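Here is the structure we will look at, set down as structure tokens.
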Amino acid sequence: MTTADTVLARETDPAELGFDAARLERIDHHFARYVDDGRLPGYLAVVARDGRVAHVASAGKRDLETGAPVEPGTLWRIYSMTKPITTVAAMLLWEEGAFELNDPVARFVPAFADARVYLRGSAQKPLTAALAEPMRIWHLMTHTSGLTYGFHHTHAVDEIYRANGFEWTTPPGMDLAACCDAWAGLPLAFQPGAEWLYSVGTDVLGRVAEVVSGQSLDEFFAERIFRPLGMTDTAFFAAPEHHHRLAALYAPDPQTGRASRFDRMGDAALRPPDALSGGGGLVSTASDYLRFARMLLGGGELEGIRLLGPRTVAYMASNHLPGGADLEAFGRPLFAETPFGGVGFGLGFSVVQDPVAGKSPTSRGEFGWGGAASTAFWVDPVERLTVLFFTQLLPSSTYPIRPQLHQLVHQALVD
């Protein structure tokens, strides 16, 4: 029996946690339609309050071709839900005094000392300028470093990334250190701190953690986060004995909209990666990630095991964008794992600033993130909620799953 089998069950009458059980069932009915019409292969949703599971909803298959169902122990590619784990890892080291948030990244990855900033021109002949100030650690955590992703497809620098083999993945044979040196040699999209742009910054942060700790990122995660929290199924790939538990990856068919298998990208999770991606490399289970989210709700502590101080978690879940701006005002209107209106960004998480502006019934101070295959989680300190959603459909912008889940969770609260 896996950890998931023992943890992922309703732990009490939802009414004791302030939920209307019949209203919670609306989650099941709503997302069952996604499965029935073929938009999603399958899904698993978990709603917990005060650390106790109030509702688990699931339907469909983890593998449409084999007919294997979604189960509590299903392994999911969590992609960018790796980012909060990497940021927690870095903040463990920060709490030990290993670095300051204002430290230049080049102190740990020297190649960034010579980074250049895009001014104008084509991807083939860009005109660049020198850094006005160093790229700092907090820039990596807040996606304000000037780094980007090749999959954005909106800027000359994105094109330069793709030309160098960086779109959704990293080039074969390059480890994390080599990737960071390569990124440092590509132009930044803007001066560090000038804008918000979703990027490989968290991957660079993972390399900083490696340099500071003297451990590889997988070793550091296992020793300092996964083993202490009992996250027994989370790793940078699914081991051969667990391949049968790994959900298949899908993308919408352009003609029918139905989920179509995407092994070309999905198979990467079956083997150890060349680069340990702190930005998107982990596979995990719902029960494992629930333990991580409960640790955050608990102010850095879970079941007597403390990873971070409560003030550190609160600081991470504060909006760090200049002037308290939201992403609508400070971010480029590109792909991200969150709406932009009324949402700021902290250290590793999006942070709700104004639920009315975001047109979603969230709480001020809610924080979380999602992954490219339409997974998501959030922690709501006001309502004491941890909510998770897992499926495997790329990209996450395909359907409005996250705002719909917010609606359905909040309407079920009746206390």
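Dividing the mean sequence gap of close Cα pairs (under 8 Å, 6+ apart) by how many residues the range 350-415 holds gives a relative contact order of 26 percent.
Per residue of the chain, the DSSP helices (runs of n ≥ 4 H) give a summed -39500 (n - 2.57) that works out to -8000 deg cm²/dmol at 222 nm.
For the chain, the share of accessible area belonging to carbon and sulfur comes to 51 percent (1.4 Å probe, ligands and nucleic acids excluded).
Taking the chain as a Gaussian network of alpha-carbon nodes connected by springs under 10 Å, the highest mean-square fluctuation of the residues GLY370, GLY341, GLY42 belongs to GLY341. For the chain, the residue among VAL414, LEU302, ALA373 whose Cα projects farthest onto the positive side of the dipole built from Cβ charges is ALA373. Scanning residues 5 or more positions from TRP196 or on other chains, those with amide H under 5 Å from its amide H are GLY331, ARG332, with H placed 1.01 Å from N in the peptide plane. Roughly how many whole Å is it from the C-alpha centroid of the range 245-262 to that of the range 150-197? Centre-to-centre distance over Cα atoms comes out at 27 Å. A 1.4 Å probe run over the range 1-91, with the rest of the protein chains in place, finds 36 Å² accessible per residue.
Taking the charge dipole of the chain about its Cα centre, with +1 at Lys and Arg Cβ atoms and -1 at Asp and Glu Cβ atoms, the residue from HIS55, TYR79, GLY18 reaching farthest to the positive side is TYR79. What is the chain's relative contact order, in percent, from Cα pairs under 8 angstrom and six or more apart in sequence? In percent, rounded to a whole number, it is 22. Highest mobility in the GNM of the chain, judged by mean-square fluctuation with C-alpha springs under 10 Å and restricted to LEU249, LEU290, LEU127, is found for LEU127. The magnitude of the dipole of the chain, with charges of +1 and -1 set on the Cβ of Lys/Arg and Asp/Glu and taken from the Cα centre, is near 600 debye.
Taking amide H as placed 1.01 Å from N in the peptide plane, the amide H of ARG271 sits under 5 Å from that of ALA238, each at least 5 places away or on another chain.
The values are calculated or read from the model by the stated rules, or taken from the named source; none is laboratory data. Computed from a predicted structure; not experimentally measured. Quick reminder, even Gly has a Cβ in these numbers, built from the backbone with ideal geometry, and neighbours come from all protein chains shown. Quick note on the areas: whole protein, heavy atoms, side chains included, nothing else; ligands and nucleic acids left out. Shrake-Rupley method; radii C 1.70, N 1.55, O 1.52, S 1.80 Å.
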